[in-house]
Each structure stands twice: as structure tokens, then as C-alpha cells.
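Report on the structure given below.
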Amino acid sequence: MAGRTSRTSAGVAKKTAAEAAITNPVLLSGGNPQIAKGYGDAPVQAYIAAMPGWKSDVGHRLDALITRTVPGVYKAVKWNSPLYGIEGQGWFLGVHCFAKYIKLAFFRGTSLSPIPPGESKQKEMRYFHIHEEDQLDEAQLAAWVEQASQLPGERM
């Protein structure tokens with residue numbers, strides 16, 4: 001039995017390591033939190049809490065705005081990015097941290113009015129970047145979120 005770990009202690013060790021990853025996530029290049037894939041509000045809140053510096057406050061504001069604008073919005077973290085969608089219809093918005101800004105990815109952005117300013121190599125996607133010194137136009141963001149939520153979602 002020497003050198004062997006019981007199933008119970010191994011399970012506790014795995015749980016403790018998983019909890020440590022959530023409470024002390026690794027920041028990838030550019031400061032993007034590495035959060036395990038998961039569905040629901042909890043992984044999105046873990047991602048937001050791990051966003052470095054000013055980005056966490058903006059992340060909370062964005063999440064509240066999206067939740068308020070689209071009641072019952074479906075949430076997940078995939079590929080180290082929070083996604084927002086309509087259950088059974090796909091994703092309409094993704095969020096990602098970079099060193100100097102937060103990127104909002106509207107998957108059907110070319111169908112929004114006005115079209116978000118950030119161009120993409122993908123035909124329909126448009127981006128909106130938020131920098132630390134920016135004043136958020138929450139009315140415009142809410143309008144984009146509402147419009148995006150009513151379009152066919154992206155399947156991922």
C-alpha cells in the first residue's frame with residue numbers, strides 16, 4: 001500500500017486542484033483568463049472575476065447589461081471566452097481579453113445597425129473593442145445585444 005493514494009484522497013486532490021484553477025486561474029498571453037469549458041453562469045462569473053485590472057469591472061457591467069437586455073440568456077465559457085446565446089439557437093456574442101482591450105465579437109455583426117466598427121476576416125462577424133479609457137455607450141451596446149440576440153446564432 002505504500003506509495004498508493006486512496007480513491008477518496010485522489011478525488012479530494014483533483015477537486016482541490018480544480019478549485020485552485022478557478023480561484024487562481026492562469027492568465028494566458030495578453031491577460032486572457034484560462035477558465036475550463038463550462039455551461040451556465042458560474043464559469044462566466046469565474047472568467048469575469050479573473051479578468052485582470054479594470055477589465056473585471058467592465059466584464060461585470062457587460063454581463064449585467066447582456067443579462068438585463070436578454071432575459072434568460074444562455075451562457076458558457078468555451079475556448080477561454082464567455083459566450084452568450086439563446087438556448088437551442090446558438091451563440092450571438094463572445095467576449096475575449098487582450099492586453100490593452102476587451103473584444104466583443106458579434107457573430108452576425110454585419111446585420112446590426114449601426115454595424116460595429118471592428119472588421120473581421122469572417123464574412124458576418126464584427127468586433128467592438130473596449131479600452132480602459134473608453135466611456136461605454138451602454139444604450140448602443142444594449143441595442144447591438146438585443147439585435148444580435150434576435151438573429152440566427154452561431155453553432156459551436
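The values are calculated or read from the model by the stated rules, or taken from the named source; none is laboratory data. Note that the structure is predicted; figures quoted are calculated from it, not measured. Every residue, glycine among them, receives a Cβ derived from its backbone with ideal geometry; neighbour counts consider all protein chains shown. Areas reflect the complete protein model, heavy atoms only, side chains present, ligands, DNA and RNA absent. Shrake-Rupley method; radii C 1.70, N 1.55, O 1.52, S 1.80 Å.
Tell me whether segment 115-123 contains one or more residues that are under 24 Å from residue 35 (Cα atoms) and not hydroxyl-bearing (Ser, Thr, Tyr). Step through it out loud before you land on a result.
Taking segment 115-123 and keeping what is under 24 Å from residue 35 (Cα atoms), we get none.
No, because not a single residue in segment 115-123 is under 24 Å from residue 35 (Cα atoms) and not hydroxyl-bearing (Ser, Thr, Tyr).
Filtering segment 30-67 to residues that are open to solvent by 40 Å² or more (accessible area, probe 1.4 Å), of a type in the set (A, V, I, L, M) and over 20 Å from residue 141 (Cβ atoms) leaves 36, 42, 49. Annotation note: Cβ proximity below 7 Å between a residue of segment 85-109 that is under 19 Å from residue 129 (Cα atoms) and open to solvent by 50 Å² or more (accessible area, probe 1.4 Å) and a residue that is of a type in the set (Val, Ile, Thr) and modelled with pLDDT of 95 or more (sequence gap 6+ or interchain) occurs for 101/130.
The residues of segment 78-108 that are farther than 21 Å from residue 150 by Cα, touching a Leu at 6+ places or on another chain (Cβ under 9 Å) and of a type in the set (A, V, I, L, M, F, W, C), listed by number, are 97, 102.
Here residue 120 meets each of (1) polar (S, T, N, Q); (2) without any contact (Cβ under 8 Å) to a residue 40 or more places away in the chain; (3) in contact with a strand residue (DSSP E or B) (Cβ under 9 Å, 6 or more places away or on another chain); (4) open to solvent by 50 Å² or more (accessible area, probe 1.4 Å) with one exception, condition (4).
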